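Enquirer: I have a structure I would like to understand better, so I am pasting it below and will then ask my questions one at a time.
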Amino acid sequence: MHGSLDVRLDQVLQADYHHAARILKDLDGAFAAVFWDASNRKLVIVTDAMGLQPLYIFRHQDLLLLATEIKAFPASSKVEIQMDPAGWGAFISLGHHIGRDTQLAGVKRVDPATVMIYDSASGNVTSERYWSWPETQPDLTLERVNTEAMKEAMIQEIRAYTQHSQKGLLLLSGGFDSRITLAMLCQAGLPPDVLILAHQDELWGLDSKLAVRAAKQLQVHYQLVKPSRSYYSTKAYLDYLVMNELTTPSLYLFIAQVSSYLNGGMQVVWDGTPPGYAFVPAFLPPGGFDVFLKESCLTRQDFGWQIASLLFGTARTDDMFEAFSESLKKEISKYPDNESGIAQFEAFHRMRNRTSPNALKVYANFSLPFMLGVSRPFWESAAVVPYSASKNYELYFELFRRYSPPLARIPFLTGGELFCDPSSGMLGLLHTAGYQMAKSRVIQKSRKACRRFLRGSKKYWTES
């Protein structure tokens, strides 16, 4: 974040593993660092503070394997292909892994903010955690939130990224997270090129229309692309599944289409994942994990688990559910049973295992993936904000009003809902009323009837 990365890494290479362990944990962003001290025969492994960069480990007797992709382990011929029941159970119930579990038995994900030292002579491993989630300040009001510190942390991240590239392609949607990235890049004097995908199967492509308005407002160059209706029957989708390693449910989901428009000529891709977990620190009102899991976690009787029984057999599916249930109890016991605990659980599990892999495992095959909101200063300023000061995206609106007012006036579409700046008055009410009308059953049925008449199908996507 400060000074030259090349100089810092040269300092590491001139010293031993003690020095490497101390210096590498000062790095920030999404990274995994591995340093081998040949004279002392010790390996240093360091993960980033939020643990966003995937890094997996397998240990057996005197063997240690590390990789950024799960499929590397069976490819080594050192690891047998066996399903991890808890990993698959989490994927079915939550749509992502939790803790250190993966789909592959014996292969674990290295924890966030970890400095691990492996002694190859003895086989011993020592491990320490170098960063902790800051305490939430429950009495903090929106008016007293230090938004300047958040903005400065994001600007400093952008400046640090310029060591790698001065230019980048921003994946822009109609939501909050990518738009705050656009705002900060323009604040830093680095307006990006923009790629917008038309989300045609929802409300006449409103998502892309709002993104186009935001790009035009800040006068950045943009490209609008319309995915093929048969995308989910193409090789491009299979390539996505291989790169994503089936860590994310993706059939008919918008995010799965993006990678087919990336290529090696795009040096940098900006992705807006982390801010949404920081500026909206809980997806539910206060109520603890019982309320949270009732809304977000499938039970054994739900449809997803019924399908799993048909696919894997009842006995194996029962094993998955039981293993996942035990793993879930273990993981939630690490966090306070309140909104702060839920915020941490979502950041360290859903963000790490469901949303950020699109950039760090998929886009990384084509370009350098850059994200805002991955540094410790950013989280130390954002994670202290309580739900009461950020609910209904109020903290987001405050940021836009202060640092990019023109973008605040354009509505946001996220989670299938439209959000307008509360201070926009009658204009916001008109936008909301028009949106609710467009979502009405009568309008939607009329639209599907027209589509069926014109295209021969009620659905936007052709069946895969």
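The values are calculated or read from the model by the stated rules, or taken from the named source; none is laboratory data. As the structure is a computational prediction, the values presented were derived from the model and not from experiment. Here the Cβ is made from the backbone with ideal geometry for all residues, glycine too, and neighbour counts use every protein chain on show. Surface accessibility is based on the protein's heavy atoms, side chains included, excluding ligands, DNA and RNA. Shrake-Rupley method; radii C 1.70, N 1.55, O 1.52, S 1.80 Å.
Enquirer: Please count how many residues of region 70-83 are crowded, with 18+ Cβ neighbours inside 10 Å and either assigned to a loop (DSSP other than H, G, I, E, B) or on the phi > 0 side of the Ramachandran plot (or both). Explain how you work it out, then say what you get.
Expert: So in region 70-83, the residues crowded, with 18+ Cβ neighbours inside 10 Å come out as 70, 73, 79.
Those still in the list that are either assigned to a loop (DSSP other than H, G, I, E, B) or on the phi > 0 side of the Ramachandran plot (or both) too: 70, 79.
Residues that pass the stated criteria total 2.
Enquirer: Among (1) open to solvent by 40 Å² or more (accessible area, probe 1.4 Å); (2) touching a residue at least 60 places away in the same chain (Cβ under 8 Å), there is one condition ALA86 misses while meeting the rest; what is its number?
Expert: Every condition holds for ALA86 apart from (1).
Enquirer: Among the listed residues GLN166, GLN200, identify the single one that is polar (S, T, N, Q) and closer than 22 Å to SER259 by Cβ. Before the answer, list the steps.
Expert: Details: GLN166 fails: closer than 22 Å to SER259 by Cβ.
The conditions single out GLN200.
Enquirer: Scan region 198-212 residue by residue and report those that are open to solvent by less than 30 Å² (accessible area, probe 1.4 Å) and without any contact (Cβ under 8 Å) to a residue 60 or more places away in the chain.
Expert: Taking region 198-212 first, the residues open to solvent by less than 30 Å² (accessible area, probe 1.4 Å) are 198-199, 203, 205, 207-208, 210-212.
Once the filter is applied, which keeps residues that are open to solvent by less than 30 Å² (accessible area, probe 1.4 Å) and without any contact (Cβ under 8 Å) to a residue 60 or more places away in the chain, region 198-212 yields ALA198, HIS199, GLY205, SER208, ALA211, VAL212.
One line per residue, one yes/no per condition, for (1) within 31 Å of the chain's Cα centre (by Cα); (2) within 30 Å of PRO274 (Cα to Cα):
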| position | (1), (2) |
| --- | --- |
| LEU5 | yes, yes |
| HIS18 | no, no |
| ALA30 | yes, yes |
| LYS42 | no, no |
| ALA49 | yes, yes |
| GLN53 | yes, yes |
| LEU64 | yes, no |
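Enquirer: Same structure again: Evaluate region 379-397: report whether one residue or more is within 12 Å of the chain's Cα centre (by Cα) and in contact (Cβ under 8 Å) with a residue 12 or more places away in the chain.
Expert: Filtering region 379-397 down to residues within 12 Å of the chain's Cα centre (by Cα) leaves none.
No; the residues of region 379-397 include none that is within 12 Å of the chain's Cα centre (by Cα) and in contact (Cβ under 8 Å) with a residue 12 or more places away in the chain.
Enquirer: Then there's this: If you scan region 278-332, which residues turn out to be of a type in the set (Val, Ile, Thr) and either in contact with a Lys or Arg (Cβ under 7 Å, 6 or more places away or on another chain) or open to solvent by less than 30 Å² (accessible area, probe 1.4 Å) (or both)? So that I can check it myself, show each step before the final result.
Expert: To start, the set of residues in region 278-332 that are of a type in the set (Val, Ile, Thr) comprises 280, 291, 299, 307, 314, 317, 332.
Across region 278-332, the qualifying residues are VAL280, THR317.
Enquirer: Still on this model: When region 146-168 is examined, which residues are found to be surrounded by fewer than 23 Cβ atoms within 10 Å (Cβ to Cβ) and not in a helix (DSSP H, G or I)?
Expert: Hits for region 146-168 are ASN146, THR162, GLN163, HIS164, SER165, GLN166, LYS167.
Enquirer: Assess whether GLY51 counts as being over 19 Å from GLN344 (Cβ atoms), out of contact with any Leu (no Cβ under 7 Å at 6 or more places or on another chain) and crowded, with 21+ Cβ neighbours inside 10 Å.
Expert: On the way: over 19 Å from GLN344 (Cβ atoms): no; out of contact with any Leu (no Cβ under 7 Å at 6 or more places or on another chain): yes; crowded, with 21+ Cβ neighbours inside 10 Å: yes.
No.
Enquirer: Right, another one. Restricting region 123-145 to residues that are of a type outside the set (S, T, N, Q) and not in a loop (DSSP other than H, G, I, E, B), which is nearest to PHE348 (Cα to Cα)? Walk me through how you get there before you give the answer.
Expert: In the first step, residues of region 123-145 are kept if they are of a type outside the set (S, T, N, Q); the result is 123, 125, 128-131, 133-135, 138-140, 142-145.
From what's left, not in a loop (DSSP other than H, G, I, E, B): 125, 128-129, 142-144.
Details: VAL125: 23, GLU128: 17, ARG129: 14, LEU142: 25, GLU143: 28, ARG144: 27 Å.
Among residues in region 123-145 that are of a type outside the set (S, T, N, Q) and not in a loop (DSSP other than H, G, I, E, B), the one nearest to PHE348 (Cα to Cα) is ARG129.
Enquirer: Between residues in region 300-316 that are on the phi > 0 side of the Ramachandran plot and residues that are exposed (fewer than 11 other Cβ atoms within 10 Å of the Cβ) and of a type in the set (A, V, I, L, M), which pairs lie under 7 Å by C-beta distance while being six or more apart or on different chains?
Expert: Between residues of region 300-316 that are on the phi > 0 side of the Ramachandran plot and residues that are exposed (fewer than 11 other Cβ atoms within 10 Å of the Cβ) and of a type in the set (A, V, I, L, M), there is no close pair.
Enquirer: Restricting to region 180-234, and then to whatever is of a type in the set (Lys, Arg) and modelled with pLDDT of 95 or more, can you tell me which residue is nearest to LEU413 (Cα to Cα)?
Expert: Initial filter on region 180-234 (of a type in the set (Lys, Arg)): 209, 213, 216, 226, 229.
Pick out the ones that are also modelled with pLDDT of 95 or more and you get 213, 216.
On the way: ARG213: 13, LYS216: 17 Å.
The residue in question is ARG213.
Enquirer: Hey, another quick one. State whether one or more residues within region 93-101 are over 20 Å from the mean Cα position of the chain (by Cα) and among the aliphatic types (A, V, I, L, M). Spell out how you get there, then give the answer.
Expert: The first filter runs over region 93-101 and keeps only residues over 20 Å from the mean Cα position of the chain (by Cα), leaving none.
Checking region 93-101: not a single residue is over 20 Å from the mean Cα position of the chain (by Cα) and among the aliphatic types (A, V, I, L, M).
Enquirer: Can I ask one more? So how many residues does region 318-350 have that are under 21 Å from LYS108 (Cα atoms) and in a helix (DSSP H, G or I)?
Expert: Filtering region 318-350 for residues under 21 Å from LYS108 (Cα atoms) gives 319-335, 344-350.
With in a helix (DSSP H, G or I) added as a condition, the list becomes 319-332, 344-350.
Of the residues in region 318-350, 21 are under 21 Å from LYS108 (Cα atoms) and in a helix (DSSP H, G or I).
Enquirer: For residues that are more than 17 Å from ASP119 (Cα to Cα) and either assigned to a loop (DSSP other than H, G, I, E, B) or in contact with a Ser or Thr (Cβ under 8 Å, 6 or more places away or on another chain) (or both), scanning just region 16-38, find the one that is most open to solvent (accessible area, probe 1.4 Å).
Expert: This residue is ASP26.
Enquirer: With the requirement that a residue be polar (S, T, N, Q) and either open to solvent by less than 10 Å² (accessible area, probe 1.4 Å) or closer than 24 Å to TYR56 by Cα (or both), what does region 340-383 give you?
Expert: Correct list: GLN344, ASN353, THR355, SER356, ASN358, ASN365, SER367, SER375.
Enquirer: Right, next: So which of VAL268, VAL242 is over 21 Å from THR414 (Cβ atoms), of a type in the set (A, V, I, L, M) and touching a Gly at 6+ places or on another chain (Cβ under 6 Å)?
Expert: Details: VAL242 fails: touching a Gly at 6+ places or on another chain (Cβ under 6 Å).
The unique qualifying residue is VAL268.
Enquirer: Now for a separate question. Return the only residue of ALA183, ALA215 being buried (at least 20 other Cβ atoms within 10 Å of the Cβ), of a type in the set (A, V, I, L, M) and farther than 26 Å from ARG350 by Cβ.
Expert: Values: ALA183 fails: farther than 26 Å from ARG350 by Cβ.
Being buried (at least 20 other Cβ atoms within 10 Å of the Cβ), of a type in the set (A, V, I, L, M) and farther than 26 Å from ARG350 by Cβ holds for just one of ALA183, ALA215, which is ALA215.
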